[in-house]
Amino acid sequence: MTTAARTGAGIRFDHVTVAYGKHHEHTVLDALDLTVEPGEVMALLGPSGSGKTTALRAVAGFVQPVSGRVLIGGRDVTGLPPYRRGIGMVVQQYALFPHMKVAENVAFGLKAHKTPRAQIPGRVAEALEMTGMAGYADRHPRELSGGQQQRVAIARALAIRPGVLLLDEPLSALDAQLRSGMLAELARLHRELPDVSILYVTHDQLEALTLADRIAVLDQARLRDCGTPQELYRRPRTAFTASFVGTANLLPVTVRGAGGGVDFAGRRLNVPAAAQAADGAAATLCVRPHLVGLGAGGPAGNTLHGTVTEVQWRGATHRLYVSVDGHRVLADVRELRETPGLGDEVALHFAPEDAVLIPAGLAEDGAHHG
């Protein structure tokens, strides 16, 4: 592929605050400080109202910050209109013109960017080829499936050869099977466009974990965490990150002594990270369900005893819900020959190194993530 933007254009949020109201009293994005490197896919992940779409719209130029700056490729674009920012954008509703054929829809952005007329057919064909829609140029949007319409929307965004591609929940309107196929297509496109920076807004953990080089986790208008998918999943810094990036058991514990132990519901558990924490400190223990096994652990492991309250069959695994002294613990167990019944007493185990200790009161705003 030779048509990617020739020079990588990263994105920089320099303490960007967006607020509404007569006196800017309603803050929807609070001092976001974040850098998207040239060629990087950054997912903005968070619940509804967390500020992720506002951040994307600030890059696009559709909302104006009350303070801070937005830079693209090192250039301050905070005051520039959207059409002068060199961005492509795809939203969840496709936003295709129903009266225009596919090729005309894709050409629309090129005409708006004053692309020389002689170049437009080639650029349209190239974008449709990249998105697997070359055979649909003469169709109208109503003759296409939802997934095909979204491919056309992506082709239109790519035709202008943007340095930055903004994707706002682009797969949320698709069914699960189409979404899976489009995830693979987006991953392929990213490989073919190594210089294009992609900012990807989603509330779907799987999309973020699959596509992103790094994930920025937002909640209540603030950046809470930022890191690679592996970092956030395996070693979350905050309880919010642990619960929002994947499923987590979050158990309240008290640190006991310098030997690497914690107390949970009257039981001593071995957690290496506890050796660095203050004796008597409150903390949260994070253990992923797939790392919790059925049965007692060995002498070096951790064992919990509880009562089965629910069993869900999930194909490759059974998810067990176990009440341990009033605390719910999840275990995803593979290939169970005999499924425990509701009310059965069971033992669960996990390895000390599979537990992550999250100190209480850890600042969840996220400091500077560059």
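Annotations
- Only Cα sites of the range 11-234 enter the Debye sum here, all with the same form factor; the resulting log10 I(q)/I(0) across q = 0.13, 0.15, 0.17 1/Å is -0.75, -0.98, -1.22, listed in q order.
- Maximal additional length on extending the Glu37-Arg75 stretch stands at 12.3 nm, based on 0.36 nm per residue less the C-alpha distance.
- Simple spin-label estimate for Ala112 and Arg84 gives 1.6 nm between the two label positions (7 Å along the Cα-to-Cβ direction from each Cα).
- Derived scalar couplings ³J(HN,Hα) [the range 230-235; Karplus, 6.51 cos²θ - 1.76 cosθ + 1.60; whole Hz; x for Gly, Pro]: 5, 4, 5, 7, 7, 9
- Cross-link partners of Lys111 among lysines (Cα-Cα below 17 Å; sequence separation of 8 or more within a chain): Lys101
- Extending 7 Å from Cα along the Cβ direction at Ala125 and again at Glu353 yields two label points whose distance is 5.7 nm.
- Sparsely packed trypsin sites (Lys or Arg not before Pro) within the range 1-98, loop by DSSP, other Cβ within 10 Å at most 16: Arg6, Lys22
- The chain: calculated mean residue ellipticity at 222 nm from DSSP helix runs of at least 4, using -39500 (n - 2.57): -6500 deg cm²/dmol
- Taking 16 Å as the cut-off, the amide N atoms of the range 284-302 that come nearer than this to a point 7 Å along the Cα-to-beta-carbon line of Glu335 belong to 293-294.
- Whole-number D in µm² s⁻¹ for the range 247-359, Kirkwood Cα-pair radius fed into Stokes-Einstein, 4 °C, 1.567 mPa s: 91
- 10 Å Cβ shell holding at most 12 others, DSSP loop, GluC sites (Glu not before Pro): longest site-free stretch of the chain: 26-334
- Plainly put, the range 55-149 has a radius of gyration that is 1.04 times its Kirkwood radius, both from alpha-carbon atoms, as the Rg/Rh ratio.
- Rg/Rh, computed from the Cα trace of the range 1-116 with Rh as the Kirkwood radius, has the value 1.00.
- Legend: P(r) of the range 205-308 from all alpha carbon pair distances, 10 Å bins from 0, whole percents, reading 14, 38, 32, 16, 1.
Rule-based calculations on the coordinates, nothing more; no lab input. Predicted model, so just to flag it, every value in this text is computed and none were measured. Neighbour counts are summed over all protein chains in view; Cβ atoms, including those assigned to glycine, are modelled from backbone coordinates with ideal geometry.
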